[in-house]
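Asker: Below you'll find the structure I mean.
The values are calculated or read from the model by the stated rules, or taken from the named source; none is laboratory data. Note that the coordinates shown come from a computational prediction; the quantities given were computed from them, not determined experimentally. Here the Cβ positions follow ideal geometry from the backbone for every residue, glycine too, while neighbour counts run over all protein chains shown. To get the accessible areas, we keep the full protein, side chains included, count just its heavy atoms, and leave off ligands, DNA and RNA. Shrake-Rupley method; radii C 1.70, N 1.55, O 1.52, S 1.80 Å.
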Amino acid sequence: MSTPHSSSTTSAPHRASPPQIPQSLTLAALTASSASPSSSSASGMRDAAEDDSDSPPSQMSEDDPGGGGGGGDRWEPDLRGGNGGGGRWAPPDQVLENVLESVLEFLTAARDRNAASLVCRSWYRAEAQTRRELFIGNCYAVSPRRAAERFGGLRSVVLKGKPRFADFSLVPYGWGAYVSPWVAALGPAYPRLERICLKRMTVSDDDLALVAKSFPFFRELSLVCCDGFSTVGLAVVAERCRHLRVLDLIEDYVEDEDDELVDWISKFPESNTSLESLVFDCVSVPFNFDALEALIARSPALRRLRVNHHVSVEQLRRLMARAPQLTHFGTGAFRSEAAPGGGLSVTELATSFAASRSIICLSGFRDVNPEYLPAIYPVCAKLTSLNFSFASLTAEELKPVIRNCINLRTFWVLDTVGDEGLRAVADTCSDLRELRVFPLDASEDSEGSVSDVGLQAISEGCRKLESILYFCQRMTNAAVIAMSKNCPDLVVFRLCIMGRHRPDWITRDPMDDGFGAIVMNCKKLTRLSVSGLLTDKAFAYIGKYGKLIKTLSVAFAGNSDMSLQYIFEGCTKLQKLEVRDSPFSDKGLLSGLNYFYNMRFLWMNSCRLTMRGCKDVAQQMQNLVVEVIKDHSDDEGEAEIVDKLYLYRSLAGPRNDAPPFVTLL
């Protein structure tokens, strides 16, 4: 970790040369004189460890914090070379902590901050006092009280709750991840908190009201895949958070009954607002459109707007006229509500898009009428991101649009476009970095509209690809091998073959060689999802070559417990392991005993685990929390076969809000 240096530019007038700083004041001496905090204490408070970027170079200020001269009983040394004419040195520890805090203010990369906090106790304290952003990947990994006691000056908090498999309805309703204790602890500790981002948390209207009450300088609220709140809570945030810049509601479940709807949009301040981003496309209930139009008109800084499916193209045009400065735009339904023959013409809508010259990201299209798609042609050439994941488009409907998107870097689409549509993407979008292909029908026995043909076309045309999520039913080793060779810069490879234990559909061989090629040829890979017919051979490849993998998801794969052993022993940087519907037993679970402390969590469901095996882990790993989750909350007694296992490290110990269907071992 590099430390910024300040050079000496002047010296005190009564000295010919600057004095040497005593050895007791050097950072090296500080390191040698203090003991390090325990590794378990520090690792539980890690901040955004996924961010591996180095902090930018910076220069320390050369201002004298002590004011220069020696007019008082005590003064700070002039570290530039003079001592101000007399006096005595301040205690070395105090000087060093002041210097440390000044240096650490320049460290922005989470990896650097985490490393600094592990040097010794003084660094640990100084890093905690200067940290402004806190990331907690599991809300049960540390208690809110402990976090508040350690970090004194936070401005931003990011919290994650339920396991990721909650997105697939595999975590029962009412499991937990309540934000209430966190909001209650953060309020008194951080009155100047400006930003909260929650993901997969349960958030009540009372929680939102407490946020609005506790933080007078609050600016940003992002709720991603959250539930439990309604328009009542949104109205309180809109009304009381007078400095709000960002309100992003992404893939949330907003619990509103028709007779309890609140006109939350009209609660924003009537004066000019500071809004920069307003995202509410997941809020399925109707809203006051006139209030939204007026809000946008008095929000000159607004750059991101994503509306829900209750907005027609006629209303869309009115919004675009009010906010030509938008860069990110979610279109809502993208259809007309007028009677046939009386709606907005494509030419009129195209004129509005042509006037919106700043748009670089388009999404929405939740109930799209393909006849209106030519209206977006004027902005296609500037688009860097396009999301069609809610639009059931055919290849013929997609191709005229995508052929204009020559600068696209991110593209999400439904598999209804077929292999032919993906071939059009490959022919046009040579600069594409991220592709996600979602299934219209995610059931295991669905037909599926894309296959190995589309994947190979993408690999041949989009060679700068860094991330791909691909749902399909038919795949071949040859197509996956081709992708590994054509796209060596892949960081994320998530191939989801929806049918169980599907082999290479041409050769009928297992998919071992395809996934083996991915981990061998894609040296930057950090996230991998595997599926299809896989044997231990595939996991041997992953353990041998997947040295940078942090997140691994396994579905319908493996043929013995050796698969897990290969993973635990080989993937030394593994943080998150998710396994479903695979033939792994207690033996495979116990093979990870020496590695669980280095991981953030392990999730296993529909495997061959028993209660005895889970209890063995709990007894041998005292600082891990082992949760056994039943599929049905009304099941009575203790079943020997385990439905779901969730294992994670925690400084707080077992949680106290577990529902009856969760057993804490």
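Asker: Explain nothing, just compute: Karplus ³J(HN,Hα) = 6.51 cos²θ - 1.76 cosθ + 1.60, θ = phi - 60°, for every residue of the stretch 393-402 in order, whole Hz, x for Gly and Pro.
Answerer: 9, 8, 4, 5, 7, 6, 4, x, 7, 5
Asker: Now for a different question. Report P(r) for the stretch 402-544: all Cα-Cα distances, bin width 10 Å, range 0 to the bin holding the largest distance, values in whole percent.
Answerer: P(r) for the stretch 402-544, in whole percents per bin: 13, 46, 34, 7, 0.
Asker: Here's another thing I want to ask about it. Go through 432-438, 353-359 and give me the packing order, highest mean Cβ count within 10 Å leading.
Answerer: In descending order of packing, they fall as 432-438, 353-359.
Asker: Amide H neighbours of residue 440 under 5 Å, at least 5 residues apart or on other chains, H built in the peptide plane: list them.
Answerer: 415, 416
Asker: Return the Cα extents of the stretch 557-663 along principal axes one, two and three, sorted largest first, each rounded to a whole Å.
Answerer: Cα spread of the stretch 557-663 along its principal axes, largest to smallest: 39, 32, 20 Å.
Asker: Whole angstrom only: what separates the Cα centroid of the stretch 248-313 from the Cα centroid of the stretch 420-454?
Answerer: 32 Å
Asker: Another question, then. Could you work out how far apart the two model spin labels at residue 406 and residue 392 are, taking each label as a point 7 Å from the Cα in the direction of the beta carbon, and quote it in nm?
Answerer: The modelled label-to-label distance comes out at 3.5 nm.
Asker: Among 454-461, 278-285, how do they line up from the highest to the lowest mean number of other beta-carbon atoms within 10 Å?
Answerer: 454-461, 278-285
Asker: At 0.36 nm per residue, minus the direct Cα-Cα distance, what do residue 464 and residue 598 gain on full extension? Give it in nm, one decimal, please.
Answerer: Once the chain is fully extended between residue 464 and residue 598, it gains 45.0 nm.
Asker: Name the long-range amide H neighbours of residue 194: under 5 Å, sequence gap of 5 or more, or other chain; modelled H, no Pro or chain starts.
Answerer: For residue 194, the qualifying residues are 156.
Asker: Right, something else. In a shell of Cβ-Cβ distance under 15 Å around residue 472, excluding residue 472 itself, what net charge do Lys and Arg (+1) and Asp and Glu (-1) give?
Answerer: Here the count lands on -3.
Asker: Still on this structure: With Cβ to Cβ distances under 11 Å as the rule, what net charge do the other residues near residue 581 carry (K, R +1; D, E -1)?
Answerer: Surrounding charge for residue 581 is +2.
Asker: Tell me, what is a quarter of the convex hull surface for the C-alpha atoms of the stretch 128-266, in nm² with one decimal?
Answerer: Spelled out: convex hull of the Cα atoms, projected over all directions, averaged, 8.2 nm².
Asker: Kirkwood Rh over Cα pairs of the stretch 292-352 into Stokes-Einstein at 20 °C, 1.002 mPa s: D in µm²/s?
Answerer: Rounded, D is 178 µm²/s.
Asker: While we're looking at this one, here's another question. Looking at the stretch 195-265, I'd like the Rg to Rh ratio, where Rg is from alpha-carbon atoms and Rh is Kirkwood's inverse mean 1/r.
Answerer: 0.93
Asker: Lys and Arg at +1, Asp and Glu at -1: add these up for the other residues within a Cβ distance under 12 Å of residue 239 and post the number. Can you show the working numbers first?
Answerer: Working: positive: 213, 240, 242, 267; negative: 263, 270.
Local net charge: +2.
Asker: Each residue of the stretch 303-318 in order: what ³J(HN,Hα) in whole Hz does its phi give by Karplus 6.51 cos²θ - 1.76 cosθ + 1.60, θ = phi - 60°, with x for Gly and Pro?
Answerer: 10, 10, 9, 10, 9, 8, 6, 7, 9, 8, 5, 5, 5, 4, 5, 5
Asker: How many Å³ per residue does the convex hull of the Cα positions in the stretch 135-574 occupy?
Answerer: Spelled out: Cα convex hull of the stretch 135-574, divided by residues, is 151 Å³.
Asker: For the stretch 281-372, give the percent of accessible area contributed by carbon and sulfur heavy atoms, probe 1.4 Å, rounded to a whole number.
Answerer: The nonpolar share, carbon plus sulfur, comes to 49 percent.
Asker: Please give the FRET efficiency for residue 640 paired with residue 357, using the beta carbon to beta carbon distance and R0 = 60 Å, rounded to the nearest 0.05.
Answerer: 0.40
Asker: When the Karplus curve 6.51 cos²θ - 1.76 cosθ + 1.60 is applied with θ = phi - 60°, which whole-Hz ³J(HN,Hα) does each residue of the stretch 567-579 get, with x for Gly and Pro?
Answerer: 3J(HN,Hα) across the stretch 567-579, in whole Hz: 5, 4, 7, x, 8, 6, 9, 4, 10, 10, 10, 10, 10.
Asker: Please list 233-242, 314-323 highest first by mean number of surrounding beta-carbon atoms within 10 Å per residue.
Answerer: 233-242, 314-323
Asker: For residue 544 and residue 261, FRET efficiency with R0 = 51 Å and r from the beta-carbon atoms, rounded to 0.05?
Answerer: About 0.35, to the nearest 0.05.
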